[in-house]
Structures are given as C-alpha cells and as structure tokens.
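The values are calculated or read from the model by the stated rules, or taken from the named source; none is laboratory data. For clarity, every value in this text was computed on a predicted model and none was experimentally measured. Cβ placement follows ideal geometry from the backbone for every residue including glycine, while neighbour counts extend to all protein chains displayed.
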Amino acid sequence: DRIPVRRALLSVSDKTGIIELAKNLVAQGIEIVSTGGTFKALADAGLPVIEVSQLTGFPESLDGRVKTLHPTIHGGLLADMRLIAHEEQLKELDIQPFQLVVVNLYPFVQTVQSGAKGDAVVEQIDIGGPAMVRASAKNHANVAIVVDPARYGEIIAAIEEGGTTLQQRRELAYAAFSHTARYDSAVSAWFASELENDWKRNAGQTTLAENANPGFEAEFKVIGNLENVLRYGENSHQAAALYRTGGSAGIAQARQFGGKEMSYNNFVDADAAVRAAYDFSEPAVAIIKHANPCGIALGDLNSADAIADAHAKAHMCDPVSAFGGVIASNRIVTVAMAKQVATIFTEVIVAPGYEIEALQILLEKKNLRVLELPANYSRDALEYRQISGGLLVQQPDEFSQFNSQGWKLVTGKKADADTMRELEFAWRACRAVKSNGILLARELASVGVGMGQVNRVDSCRLAVERAESRAKGSVAASDAFFPFADGLQILINAGVRAVVQPGGSVRDEEVIAAAEAAGVTMYFTGERHFFH
Ligand code: 93A
C-alpha cells in the first residue's frame, strides 16, 4: 500500500532541515513546488524548484496573505486518486496531484512571546498553511502531510523504500490535525487575553500583562526559588508547586517568619482564612479547616483588646474543629491574641503584622507557620479554576452593597439596630462558607456553621447541632434561597430569631409563611453568594 512520491509541496516558515530534505527528494527524482520564501531558500541552494505562483498563474498577493489559496494547489491536495472521476477531473482542469506536503505554520506563538502587539500578531495568523495541512490530512489516503522537521528522516526513508504507507499517512494526519488544533487554540487564547485586558482597562484596572508579554507566561510568573516547589500536593504522593501571579499582593506573596514549610493545603486554607477575615472592616478573625470556617468573629471595640476578643470568640465557635486550623486576622496580632493562639495547636497564622513580643511568642511554637501579608494585600481581579481541558474565569464575588440598606423585610418585626448588625455580620460571614452554607451567629460571632452539604436541610441541621444551646436566640444567614420551608423550619425549631437569605425561590411564599407562623424576622437580600 505504499504510495510513491512524484510531486511534493514544500511551504515552511521554520526552514530547519528543509534543504537537506529537498536534496533527498530531488535525488529521488521528485518534483518540488514551493512558496516564495521556501522557493528562494531552495533555489539559492541550487535545487530545481517550481514556484507556486508559476503553477497557479497568480502572483502571491495581499502581502502574502494569498499564496497557496488556489484550486490548482488545493485540487492537487484534495483529489482522491482512488476515484477515476477525481483523476479525470484533474486532467480536465490541468491539475497535478501531490503525494507529499511539507508545511509548518507562521510562528504565531513565538510572535506573541516576543512582545508583538495588534496587527503584527494578527498578520502571523496563518490561513493558507492550515488549509493545506488540513486538506492533505483529510486526504491521507493519497497524501503524506509532514508538519514537524523531526520527521523528515522518516519520510526520506519511506520514499527510498518505495513510498509512504497508509499507516504512516494516518499517523501523520493525526499529528497534522493536532498541530492545527493547537495552533488555533493559541490564536483563540490570544484573543481571549486581549478581550480580558480591554475589560480590565475599562474597569479602570491596570493589567498584569501590560508591562510584559501577553499570554499565560506573563500572567503567571514562575519564581525559580526552591521554596516554590512544594513538598507535595493535596496528598503526599502528588507532586506540586506554587506559581505566583506577577504584580499581585495576595497570600502567595506573604512573608513567612517561622514554622515549617508552607504546604499546598496550608496555602489553600490560608487563602480562605484571609478572604474571610478581610471581608470585614472591623477587627475580625477567621479560623479555617479544609477551606471552611470553623469560626469567624468580630472583636468588641470596647474590650481591652479587640483582635484578641475576636480570636477568642472565633475559637469558641467550634474548638474541636479549630484544632490544627489556620487562623487569619485582619489586624496586627497583639500579645494577648498571641498568648491565646499559643495554647492551641495551629498550622498557620496569617495577619497584616505582629507586635514584636507577639511574634516572639508565636515563633516559640516551632511548627506554627507565621505569615505576614503584603501591606497592599488585595485579591486578584479575576478568579481562575481549572477543569479538564480548560480554565474557568470569573470576577470575584463582591457584595453589591456593604450593608443592609437594600434588604427587604419579608416577614416579622423590623430588626432593631443590634439585630440588624448581627444579621449583617452573619450574611457576610456566611460568604466564607462552602455551599450549601448556613451560619448561625450571636454577638458578632459564628456559633454554628453548616457547610458543604448537597442539600440545604442538612446544612441547617449541621449548623444547629454545632451551635448546641447557642442556637436559641441566634440569627441565621443562608448563602442561597431556601427551596422549601423544611430547612428554615429546623432553624426555627432550634430557636433562631431572625434570618437573612437571598430569596427568589418559587416557594418563597411557603418559606415566608413558616417564618411568619413562628414570628421570626426574615430579610431578603436579593443577592446570592454561592461559594464552591
Ligand atoms: O498568508 S497565508 O495565510 N496565505 C497563504 O496562502 C499561505 N500559503 C502558505 N500563509 C500561507 N502559507 C504559509 O507561508 C505557510 O504555512 C508557511 O508557514 C509560510 C511559508 O512561506 P514562505 O515559503 O514564503 O517562507
């Protein structure tokens, strides 16, 4: 099933090995057809070669945009010579078929990496090349398509043995379609990053890539230090590393003072902890385990030490779970807070800073990782999540309003100022809970958290169970609406006195009726805060 090669089309941007290949083809008596630059390289090497324009009777035009896009070329690539009708038509049209096509495309990726912008990049989007590659690959029954100089040797060997085999041409076709698919992905990714940059610019943000090259490499700077290779990933048999986003000031840019190396899970939890604590403008502490809060609290500004108060209250939410947790504070850690933390086994503590003596106390705990956030800490403008075969990108979940001004009282008596503050706290703290999230709060501290359940009823049960006797008289927040009254009923039965939730369920009426029957105050925020 070998197909002997009589005529070859060579059109390559990367001219590596092309002269050697052409020499071998000529030695085998094969006729070579080439585009401008390739033609010149071969002719300069003294090889006999026909220029495409000579064949088509059409000059290369529009700055080379139209070179090989011509029926004389594509007829020669697409004719299925197993069919008499195709053979006859080629004769009528005076078109000769090709048996070998060697093409590699305009260096699009290299152009982007070189820092080129706009039209200079667009001009490097190869159109005629992929058309030839795809046409030849489709017609692999008749044509061998080579896109990689590393395979020239194999082709020469096959020709010497009498021609390419069908199996070989199928493998080449596979490589060819993979090549054009990757090429188009790179083009598509470039457009995506251009549009993203427009979006950021319109939003008044500077783009990370602005002073660097566009594309993934620019957004994610690999730091060559050993610290960035993590000991392992989520589990000890998983290799892992930390890539830092250039120009960011997040948890990945924190300074570490003491303790063991940060692990993969430490980073994930520290990030969640900081996100939670920094959601508040008041002194706040969040304690995180497995990316979920086991305590979030605000400090009493009238107490001797507000941040120590916040920590004590956050810890009390669930002392069992707080064992081995990650603590984030949105205020400088005081001596009083450090003394409290020192008594509890903790993996990581992260804060904007430490009183000197507090730092000394914490550093005595040899295993405690002590982190200081960058002074200009901020979350990134976009959030990314990998899925197989792609990357999801979204704007971070911001509250459209900081307080309760836009909330709607749907039943019960209007909350007094203190209750409103409790509800505002619960609503904000609930945003740190993985969905389905239910958070019960008292005195500006979480007292029971139900997280990560696949139905809201179980989250309600969990929150109530964790709160124990503290559920009675607490307020509750739900990250999304109650689809039925059953979850809310569990909260009501446990003695919750006020509830805040987005609303918007088709059964809102049932849910409101349950609250009304129990005399429970309920507000709708109109805005959901799923967190997964
Ligand atoms: O500008 S194109 O999209 N239009 C074409 O008709 C065309 N034909 C071949 N690019 C085209 N090519 C590309 O030119 C090939 O893919 C190859 O990368 C390059 C080879 O050009 P030269 O032989 O002039 O160096």
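A few notes on this one:
- Strands (runs of 3 or more DSSP E) lying entirely in the stretch 242-359 (those with 1 or more residues that are in contact with a Gly (Cβ under 7 Å, 6 or more places away or on another chain)): 284-289, 292-298, 346-351
- Residue match in the stretch 63-85 (condition: part of a loop (DSSP other than H, G, I, E, B), without any contact (Cβ under 8 Å) to a residue 60 or more places away in the chain and touching a strand residue (DSSP E or B) at 6+ places or on another chain (Cβ under 9 Å)): no
- In the stretch 25-61, the residue that is nearest to I155 (Cα to Cα) out of those that are in a loop (DSSP other than H, G, I, E, B) and near the ligand (Cβ under 8 Å from one of its atoms) is T35.
- Of residues in the stretch 103-125 being more than 9 Å from the ligand (Cβ to nearest atom) and of a type in the set (A, V, I, L, M, F, W, C), the one surrounded by the fewest Cβ atoms within 10 Å (Cβ to Cβ): A120
- Residue in the stretch 137-151 that is under 24 Å from G64 (Cβ atoms), out of contact with any helix residue (DSSP H, G or I) (no Cβ under 8 Å at 6 or more places or on another chain) and more than 16 Å from the ligand (Cβ to nearest atom) present: no
- The stretch 334-352, subset modelled with pLDDT of 95 or more and under 34 Å from the mean Cα position of the chain (by Cα), residue surrounded by the most Cβ atoms within 10 Å (Cβ to Cβ): I349
- Being modelled with pLDDT under 95 and closer than 25 Å to R470 by Cβ holds for only one residue in N292, N302, and it is N302.
- Candidate set: the stretch 403-430, residues that are without any contact (Cβ under 8 Å) to a residue 24 or more places away in the chain and assigned to a loop (DSSP other than H, G, I, E, B); chosen: the one farthest from N292 (Cα to Cα): D416
- Residue within the stretch 150-169 that is part of a helix (DSSP H, G or I), under 35 Å from the mean Cα position of the chain (by Cα) and loosely packed, with under 13 Cβ neighbours inside 10 Å present: yes
- Any chance R170 is more than 16 Å from the ligand (Cβ to nearest atom) and among the basic types (K, R): yes
- Filter result (touching a strand residue (DSSP E or B) at 6+ places or on another chain (Cβ under 8 Å), aliphatic (A, V, I, L, M) and closer than 20 Å to I349 by Cα) within the stretch 230-272: L230, L242, I251, A252, A254, M262, A270, A272
- Number of the condition not met by G452 [criteria: (1) surrounded by fewer than 24 Cβ atoms within 10 Å (Cβ to Cβ); (2) closer than 26 Å to E282 by Cβ; (3) in contact with a Lys or Arg (Cβ under 9 Å, 6 or more places away or on another chain)]: (2)
- Across the stretch 57-111, the qualifying residues are those that are of a type in the set (A, V, I, L, M, F, W, C) and in contact with a Lys or Arg (Cβ under 8 Å, 6 or more places away or on another chain), and the one among them that is nearest to N24 (Cα to Cα) is L100.
- Condition check for S321: of a type outside the set (V, I, T), surrounded by fewer than 21 Cβ atoms within 10 Å (Cβ to Cβ) and without any contact (Cβ under 8 Å) to a residue 60 or more places away in the chain: yes
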